[in-house]
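Worksheet for the structure shown next.
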Amino acid sequence: MRIACVFVPQLALQAVLRRTPEARGGPVAVLEVAGAGDGAGKARAKRVARVTELSPEARRAGVRAGMTGAQAAAVSAGLRLLTVTAADREAAAAALADVGYAFAPRIERGADDRIFFDSEDLARLYPAGETAIAQAVQAAAARVGLGVRVAIAASKGVARLATRAHELALIPTAAGPARAALASIPVELLAEGDPALAGAFRRWGLRTAGDVAALPIDAVGLRLGPAGAQAGRLARGIDDEPFVPRLPDDALEEAIELDYPVAELEPFAFVLRGLVDRALTRLRERSLACAGLTVRLALDPRGVDVRTVPIAAPTGDAATLLQLARLDLARRPPAAPIVGVRLLALPARVRATQLDILRPAGPAPDRLAATIARLAALVGPDNVGAPAVEETWREEAVAVTTYEPSRPDDRGPLSLTLSPLRGARANGGGDPQLTIRRWRPPEEIEMLLNRQGPAAFRGRETTARVLIAAGPYRLSGEWWKEGEHFQRAYWDVHASDGAVYRVHQNERDGRWYLDGYYD
Amino acid sequence: MSSRPALDPALLSHLISARRLEDRRGRRGSGIAALDRLLGGGWPRAALCELIGRRSSGRTAILYAALARAIAAGEAAALVDVGGGLDPRRAFAAGIALRRLLWIRCAADVAAKAADLVLGAGGFDLIALDLGDARPRLPAAGWIRFKHGAEKQGTTVLVAAPARAAGSCAAAVVELGPGAPRFVADGAALFDGLQAEATKGRGVHEHGPESEEARCASLAFSCRS
């Protein structure tokens with residue numbers, strides 16, 4: 001297992017800067033009252049607010065930790081003195097946890113300023129390696145206003161130690177290379193939080209973790225106690241601290257380990273059904289629906305397959321979720337038989353809507369969401385939604401977007417390519433508009449030509465003589481895109497079968513296509 | 001004596017007289033005046049209806065007109081589109097607010113299932129099932145299910161197909177004759193639109209004798225926007 005440790009140095013300062021981003025880049029110091037909350041019995045002098053954390057700019061200006069506010073302000077005229085609240089810390093810690101949950105379904109929150117998560121599963125997502133994972137974590141943290149250090153190691157303690165010294169560290173799993181990677185870390189960081197232990201190492205003439213690792217652990221433990229022995233083991237890259245990750249507060253997990261590997265989809269669907277049912281029952285107890293499903297498959301003999309099942313809308317319908325999961329598995333079968341399943345269900349509240357007294361009620365949001373999810377399972381997620389116009393002059397182009405039954409009556413998106421047809425009939429009035437029923441993609445046909453143009457054509461299902469041909473209407477575009485340039489000549493042809501077809505010739509290669517028919 | 005207070009015009013436009021209430025419940029405008037006259041006010045609400053026509057008969061245009069009318073009235077509408085032949089630009093030109101149309105493109109073998117799912121969700125006022133060139137292959141029990149579902153949910157299920165299939169389950173049937181295309185010959189030919197004859201077929205809501213003229217209407221479709 002590979003454990004990633006994400007550490008926020010100077011959490012109080014960063015928490016304050018998340019609240020006051022305009023102070024970033026300038027001299028900033030955080031003032032905190034030492035012993036605050038210890039009661040009124042403390043001496044008044046001890047309750048003076050002092051600088052606890054400060055930005056590099058403030059440090060360069062001469063401000064030091066332990067100064068009172070007045071002393072710090074006297075040293076640096078432009079210094080901003082800020083106080084940190086419990087809410088600031090909690091918000092920063094929650095943001096840090098969110099960063100972790102963006103990369104793993106379960107994380108361990110070591111303290112407010114530190115989280116751990118299993119990074120092994122991310123290898124498939126980041127084939128470039130662990131450096132890419134660590135950089136992605138740092139980028140995600142930066143987006144929520146936190147500058148973090150990231151270390152990835154075989155255990156929690158080693159990863160934690162590496163974050164004390166490095167912005168980004170990858171510690172090998174093997175004991176020898178891990179020891180070498182940690183060797184340069186000063187003993188003060190190795191024994192952080194225990195000044196007595198750091199002092200003892202100094203008195204012995206030890207300067208780095210490599211020096212400590214060179215000593216026999218038993219002898220160090222005999223002289224410095226359990227803390228010394230633990231520091232000695234850490235310096236060698238040895239750590240047995242358990243990793244206890246947790247789900248997000250409201251996410252649900254159901255898991256099962258199978259007695260024998262399952263390679264077929266049908267028996268596995270039977271197993272999955274039980275998990276989905278149990279997860280949905282728990283969700284229903286809390287009046288929630290399932291908004292996301294992550295299935296983690298343990299493969300035989302080793303390996304994992306993690307997949308997120310796309311759900312169009314929150315639903316509490318087990319058949320729908322099972323169908324979506326089955327479709328996903330059928331589309332991308334696991335590489336090996338399955339020996340265990342872990343199901344993570346992301347809960348969501350179904351949206352409530354305010355009805356309009358003057359409009360029909362329309363479909364209930366929860367039933368509509370479940371129906372859309374079931375339709376997506378039936379015909380595919382890309383085939384359900386609202387039609388949309390793509391920004392292209394290709395006639396056959398179409399997109400699918402979110403269906404919004406309560407959207408204000410704007411009659412569609414503003415679109416450059418829509419403008420030639422805009423402003424047609426609103427409701428009633430005038431002749432109804434003919435449309436074109438299109439074949440996507442256009443069907444290639446054989447076309448017989450005469451002097452005037454198309455004379456007859458033969459397609460897969462349609463063969464007809466051309467009675468009247470109107471055209472050509474030339475259309476070209478997307479010459480600025482590599483390999484997508486189109487140059488076409490369109491014709492409207494009245495065929496001998498009574499229909500009026502829209503056909504075109506690709507003028508780049510001379511081939512003819514049947515686009516559809518007017519109807 | 002104080003005069004009667006005037007109603008807010010916005011509110012007034014939504015009020016209908018009690019006498020017309022039954023009509024309003026019973027029919028929905030098709031979006032085409034000639035078709036409304038033929039159908040006696042429009043497509044029946046809470047019923048299964050059939051629209052029969054071959055290629056280039058104006059069948060899809062009638063379907064889109066009904067969808068546009070329903071969406072403009074604030075109703076929820078869905079289109080189950082076999083083959084996914086919808087052209088969004090033309091649909092927009094026909095007056096459909098695209099974001100408010102639930103569009104399901106599918107193969108012919110699952111179209112009835114998809115329409116049944118939408119019908120079962122409830123709240124949809126119009127479900128258009130456009131079978132394209134596919135012949136409807138649904139057992140009689142399936143059409144009966146659609147009929148009862150439409151009645152229960154208050155939905156108009158409008159099936160567009162090349163041939164009749166719902167039989168006595170359909171409350172209204174309109175059959176379109178082959179369209180006669182119009183080409184403007186101003187120098188080069190230009191396709192202008194087509195003319196089609198619509199005939200009201202016998203549905204379960206129609207019983208009394210009607211003249212041949214009352215059962216037919218001529219519909220003109222325009223190609224120009």
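Only the coordinates and a few stated rules stand behind these numbers; no lab work does. This one's a predicted model, so the numbers in the text were calculated from it and none came from an experiment. Cβ atoms come from the backbone with ideal geometry, glycine included; neighbour counts cover every protein chain shown.
Take the alpha carbon atoms of the stretch A:41-115, find their center, do the same for the stretch A:470-519, and report the distance between the two centers in whole angstrom.
The stretch A:41-115 and the stretch A:470-519 have Cα centres separated by 67 Å.
Taking the Cβ of each residue in B:190, B:7 as the centre, tally the other Cβ atoms inside 10 Å and list the residues starting with the fewest.
Details: B:190 16, B:7 10.
Taking fewest neighbouring Cβ atoms as first place, the list is B:7, B:190.
Mind giving me the nanometre distance, one decimal, between the label points for residue A:479 and residue A:222, set 7 Å out from Cα along Cα→Cβ?
Placing both labels 7 Å along Cα→Cβ, they lie 8.8 nm apart.
State which helices in chain A qualify, where a helix is a whole DSSP H run, it must extend 27 Å or more along its own axis by its Cα atoms, and its mean Kyte-Doolittle hydropathy must be at least -1.0.
Those that clear 27 Å and a mean of -1.0 are A:265-285.
Using the per-residue mean of other Cβ atoms lying within 10 Å as a proxy for protection, in what order, highest first, do the peptides B:146-154, A:490-498 fall?
Order by mean packing, descending: A:490-498, B:146-154.
If I model a spin label as a point 7 Å beyond the Cα along the Cα-Cβ vector, how far apart are those points for residue A:444 and residue B:151 in nm?
5.2 nm
Nearest 5 percent is fine: what portion of the DSSP beta bridges confined to the protein assembly as shown is antiparallel?
Looking only at bridges with both residues in the protein assembly as shown, the antiparallel portion is about 75 percent.
Taking each residue in B:173-184, count the Cβ atoms of any other chain within 10 Å of its Cβ, then average. What number comes out?
Working: counts 0, 0, 0, 1, 1, 3, 7, 2, 12, 2, 7, 1.
Mean partner-chain Cβ count within 10 Å for B:173-184: 3.
Within the stretch B:30-46, find all residues whose amide N lies under 18 Å from a label point positioned 7 Å from the Cα of residue B:214 along Cα-to-beta-carbon.
Once the point is set 7 Å along Cα→Cβ of residue B:214, B:34-44 turn out to lie under 18 Å by backbone N, inside the stretch B:30-46.
Starting from 0.36 nm per residue, how many nanometres of slack lie between residue A:404 and residue A:460 once their C-alpha separation is accounted for?
Numbers: separation 56, 0.36 × 56 = 20.16 nm, distance 3.75 nm.
The span from residue A:404 to residue A:460 would gain 16.4 nm if fully extended.
If r is the Cβ-Cβ distance from residue A:24 to residue A:271 and R0 is 60 Å, what FRET efficiency results, to the nearest 0.05?
So, using R0 = 60 Å, E works out to roughly 0.70.
What is the spin-label model distance, in nm, from residue B:163 to residue A:207 if the labels are put 7 Å beyond Cα along the C-beta direction?
9.5 nm
Taking 41 Å as R0, compute the FRET efficiency from the Cβ-Cβ separation of residue B:188 and residue B:134 and round it to 0.05.
For R0 = 41 Å, the calculated efficiency reads 0.70.
May I ask for log10 I(q)/I(0) of the stretch A:252-348 at q = 0.13, 0.16, 0.21 Å⁻¹, from a Debye sum over the Cα atoms as equal point scatterers with solvent left out?
-0.39, -0.59, -1.00
Residue by residue through B:27-38, how many Cβ atoms from other chains fall within 10 Å of the Cβ on average? Spell out each step's value before the answer.
Details: counts 0, 0, 2, 2, 5, 4, 4, 2, 1, 1, 0, 0.
The mean count of partner-chain Cβ atoms within 10 Å per residue comes to 2.
Across the residues of A:368-379, average count of Cβ atoms on other protein chains within 10 Å?
5
Give, rounded to the nearest 20 debye, the magnitude of the charge dipole that chain B has about its Cα centre when Lys and Arg contribute +1 at Cβ and Asp and Glu contribute -1 at Cβ.
Working: 30 positive and 22 negative charges, 75 e Å.
It comes to approximately 360 debye.
Nearest 20 debye, what's the magnitude of the dipole of the stretch A:172-235 about its Cα centre given +1 on Lys and Arg Cβ and -1 on Asp and Glu Cβ?
Values: 6 positive and 5 negative charges, 27 e Å.
With only Lys, Arg, Asp and Glu charged at Cβ, the dipole is about 120 debye.
Can you give me the C-alpha center-to-center distance between the stretch B:133-207 and the stretch A:158-192, rounded to a whole angstrom?
Result: 75 Å between the Cα centres.
Of A:504, A:470, A:489, which is farthest along the charge dipole of the stretch A:454-510 in the positive direction, counting Lys and Arg as +1 and Asp and Glu as -1 at C-beta?
So the residue we want is A:470.
Defining a contact as two alpha carbons under 8 Å apart and six or more residues distant in sequence, what relative contact order in percent does the stretch A:172-235 show?
After rounding, I find 33 percent.
Around residue B:162, with a cut-off of 9 angstrom between Cβ atoms, what is the net charge of the other residues, counting Lys and Arg +1 and Asp and Glu -1? Before the final figure, lay out each step's value.
Values: positive: B:54, B:55, B:59, B:135; negative: B:133.
Around residue B:162, the surrounding residues sum to +3.
Under a cut-off of 16 Å between alpha-carbon atoms, report the aspartates and glutamates in cross-link reach of residue B:200, not counting same-chain residues fewer than 8 places apart.
Reachable aspartates and glutamates: B:36, B:50, B:175, B:210, B:212, B:213.
Please give the contour-minus-distance gain from residue A:101 to residue A:123: 0.36 nm per residue of separation, less the Cα-Cα distance, rounded to one decimal in nm.
On the way: separation 22, 0.36 × 22 = 7.92 nm, distance 1.61 nm.
Length gained between residue A:101 and residue A:123: 6.3 nm.
Residue separation times 0.36 nm, minus the C-alpha to C-alpha distance between residue A:135 and residue A:282: what's the value?
Result for the pair: 49.3 nm of gain on full extension.
Mind giving me the FRET efficiency for residue A:189 and residue A:508? R0 is 56 Å, r the Cβ-Cβ distance, nearest 0.05 is fine.
The value I calculate is 0.25.
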